[in-house]
1. Since Ala83 meets every condition but one in (1) in contact with a Lys or Arg (Cβ under 9 Å, 6 or more places away or on another chain); (2) in the same structural domain as Ala135 (by TED's automatic domain parsing); (3) hydrophobic (A, V, I, L, M, F, W, C), which condition does it not meet?
2. Could you check Ile110 against (1) over 18 Å from Asp123 (Cα atoms); (2) in contact (Cβ under 8 Å) with a residue 12 or more places away in the chain; (3) of a type in the set (A, V, I, L, M, F, W, C) and say which number it fails?
3. Can you tell me which condition Leu26 does not meet? The list is (1) within 23 Å of Gly127 (Cβ to Cβ); (2) buried (at least 18 other Cβ atoms within 10 Å of the Cβ), and all the others hold.
4. Can you say whether Thr84 is crowded, with 18+ Cβ neighbours inside 10 Å and closer than 21 Å to Gly24 by Cα, as far as the supplied structure shows?
5. Against the conditions (1) over 11 Å from Met66 (Cβ atoms); (2) of a type outside the set (A, V, I, L, M); (3) surrounded by 15 or more Cβ atoms within 10 Å (Cβ to Cβ), where does Thr103 fall short? Just the number, please.
6. Have a look at Thr49, Thr130 and point out the one that is surrounded by 12 or more Cβ atoms within 10 Å (Cβ to Cβ), of a type outside the set (Lys, Arg) and more than 20 Å from Gly24 (Cα to Cα).
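The values are calculated or read from the model by the stated rules, or taken from the named source; none is laboratory data. What you are looking at is a predicted structure, and each value in this text was computed from that prediction instead of being measured. Methodologically, a virtual Cβ is constructed for each residue, glycine included, from the backbone with ideal geometry; neighbour enumeration extends over all protein chains shown.
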Amino acid sequence: MAAARERAWGTLIPLLQRAQAEQGYLSREALREIARKLRIPESKVYGVTTFYAQFRLTPSGRQRVMVCRGTACHVRGGARVLATVKKKLGLEEGQTSADLSYTLETVACIGACALAPCLVLNDQVHGRLTPQKAAELFDTRRP
């Protein structure tokens, strides 16, 4: 019994990752199904999901924008870049546009300090940004 329980917990995160890859987020139905399949209480599955930042419980925009708030970016004007992106997209941190075009997030560091200030747009790093350059990233983009 204990071995089966350990196997269930060992497969929980991979199942959550797979479900999120398929849906783009983890729906309540997906959490229920995973809990049922693994015979783990739904509350425990939810607890794991909310503990790890990689998991989303709401749909994400087709274009994901992550603005760096690390020290190097902060010192080099990251707050102005973030303010510009918020205004341009009409979003606050953690929000997704109603049409699911964009999701705006901030991160502690993206690991590109030499390019500060920077942001990541759909896995592509954009560095040495000014507010104007950041705004231009969204002038030509179509979700």
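1. (1)
2. Here Ile110 clears every test but (1).
3. (1)
4. Working: crowded, with 18+ Cβ neighbours inside 10 Å: yes; closer than 21 Å to Gly24 by Cα: no.
So Thr84 does not fit the description; no.
5. With respect to (1) over 11 Å from Met66 (Cβ atoms); (2) of a type outside the set (A, V, I, L, M); (3) surrounded by 15 or more Cβ atoms within 10 Å (Cβ to Cβ), Thr103 is out only on (1).
6. On the way: Thr49 fails: more than 20 Å from Gly24 (Cα to Cα).
Result of the check over Thr49, Thr130: Thr130.
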